[in-house]
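Written out below as structure tokens is the structure these notes cover.
The values are calculated or read from the model by the stated rules, or taken from the named source; none is laboratory data. Bear in mind the structure is a predicted one, so any value in this text is a computation, not a measurement. Neighbour counts are summed over all protein chains in view; Cβ atoms, including those assigned to glycine, are modelled from backbone coordinates with ideal geometry. Just the protein is used for accessible areas: all its heavy atoms, side chains included, with ligands, DNA and RNA removed. Shrake-Rupley method; radii C 1.70, N 1.55, O 1.52, S 1.80 Å.
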Amino acid sequence: MMDAINKIIGWMPALIQSTGTTLALSVLSVAAALIFSVFLALGKISRNAVLSSICRAYIFFFRGTPLLMQLFFIYYTLPQLIPALNIQSRFFAAWLAFTLNVAAYLAEIIRAAIESIDKGQMEASRALGLTRGQAMRLVVIPQAYRRMIPPICNEFVMVLKDTSLVSIIALTDLTYQTKIIASNKASALVYIPAMIIYLVITGVFTFIFNRLEKRLSIYE
Amino acid sequence: MSIIKTENICKSFGSVEVLKNVSLTVEPGEVVVIIGPSGAGKSTFLRSLNRLEKSTSGKIWIDDKLIEDRVNGHNQVHMHQKERAAILLEMGMVFQRFNLFPHKTALQNVMLAPMTVKGVPEKEARAKAVKLLEQVGLGDKLDAYPAKLSGGQQQRVAIARALAMEPKIMLFDEPTSALDPELVGDVLAVMKKLAEDGMTMLVVTHEMGFAREVADRVVFMYDGVVLEEGTPKEIFTAPKHDRTRQFLQSVL
């Protein structure tokens, strides 16, 4: 038993270092996807039929194909099609694939939250002379924020775990590092600290999201 | 010189005709109450005036300016969007379900539109909002969120919110229908005061007491048609139509 604990302690520096990649990839791709998804969601519900169709098609594509293949596509297929699009950085390729994919899911979350706000809010705003844009920005979207938080938290936790897919393009995230240690040291014990690290991270972020939700609920 | 005039407003939802050639005129300072059974098209008519519903055909003048002349749902009147928006601002509206902004306090609810639409400075908007909320008896609820207010209080905030845009006409769409009976009186009192102060009002309501006491004219709608109109006395004591008589018997 002591032997196992000593081994695990010895692996920790490498595991923690690779956790940095997992965290950075998750946070940076969800952050970028959040910004992108607002435009996608507003585009999809817009009255402009062309814009709406483009956003709809985008969401359909990225939700309808496996993330694993999207990752392959960006890292291997694109350079083969167009050599200029050869992405050198594995991290950047992974970030791009995750951002594009997650944005499609977040866009649906945002759209659903916006559409769940009572129609009377838009009507009252319009009757007061606000434009549709002003009503969205000042009345509808602020109310939708709170409803978006639980599903966004959920999505974030999924992304955090999905980042383990990047091992297929040999980016050293926590999962990949764990596999390396497991095969080099011929010990499956390394999965124990790795899973605990995933749990700690999801726990911390779930806590942060819950606090955020409470803070945004003051008026209810 | 009428402040609202409609000519042959028709409205269909699919194959259902909810308004059939509704023509109505409201003079400045007049209080017109529309009564009638549910499904008569009262609310739809009110909502078509400020474009929350788009009528299928008919003409609408606000303050003697033709803003809509619809044929097959298409408006033949071409005017700049800003010009139309300015005319629509002459109408304030109060809804059955209040529709207050739940993420804003009573004060912020009242301040939002003047600041956003008219660009009124915050300080001025706040002073005005405080005054209006005091007028509707909510001077002690300025910083309360709607969820903390009773239905009657919420509706009075909604009235103050509409008044903050200084409309010439107030449209009331069943303002007391969602209220507990004991809260109706406060809202009606505010509306009565508004009428006494000379506001032009077009009110859809089931409150026959209010219609009898405050209205200059009562309009009875049935099945999408204005069946008759007259002074409260004429309508309530000597209705011409059987339908009106039946309706009044059922509600009085």
Residue list for the stretch B:165-193, filter: part of a helix (DSSP H, G or I) and touching a Leu at 6+ places or on another chain (Cβ under 8 Å): B:187
Residue match in the stretch A:185-193 (condition: touching a helix residue (DSSP H, G or I) at 6+ places or on another chain (Cβ under 6 Å), open to solvent by 20 Å² or more (accessible area, probe 1.4 Å) and within 14 Å of chain B (Cβ to nearest Cβ)): no
Where residue B:134 falls short, out of the listed (1) over 30 Å from residue B:2 (Cα atoms); (2) in contact with a Leu (Cβ under 6 Å, 6 or more places away or on another chain): (2)
Qualifying residue in the stretch B:175-191 (condition: open to solvent by 20 Å² or more (accessible area, probe 1.4 Å), out of contact with any Gly (no Cβ under 9 Å at 6 or more places or on another chain) and either more than 30 Å from residue B:83 (Cβ to Cβ) or within 12 Å of chain A (Cβ to nearest Cβ) (or both)): yes
Identity of the residue in the stretch B:82-105, more than 9 Å from chain A (Cβ to nearest Cβ) and assigned to a helix (DSSP H, G or I), that ends up nearest to the chain's Cα centre (by Cα): B:87
Spans of helices (runs of 4 or more DSSP H) in the stretch A:24-137 with at least 2 residues under 30 Å from residue B:92 (Cβ atoms), open to solvent by 40 Å² or more (accessible area, probe 1.4 Å) and modelled with pLDDT of 95 or more: A:119-127
Residue, most open to solvent (accessible area, probe 1.4 Å), within the stretch B:139-174, restricted to residues that are small (Gly, Ala, Ser) and over 16 Å from residue B:110 (Cβ atoms): B:147
From B:188, B:183, residue being in contact with a Ser or Thr (Cβ under 7 Å, 6 or more places away or on another chain), over 24 Å from residue B:48 (Cβ atoms) and modelled with pLDDT under 95: B:183
First in the stretch A:201-220 and open to solvent by 100 Å² or more (accessible area, probe 1.4 Å), second anywhere and assigned to a helix (DSSP H, G or I), Cβ under 6 Å, 6 or more apart: A:220/B:147
Residue under evaluation residue B:108, criteria (1) within 14 Å of chain A (Cβ to nearest Cβ); (2) farther than 24 Å from residue B:13 by Cα; (3) in a loop (DSSP other than H, G, I, E, B); (4) open to solvent by 70 Å² or more (accessible area, probe 1.4 Å), criterion not met: (3)
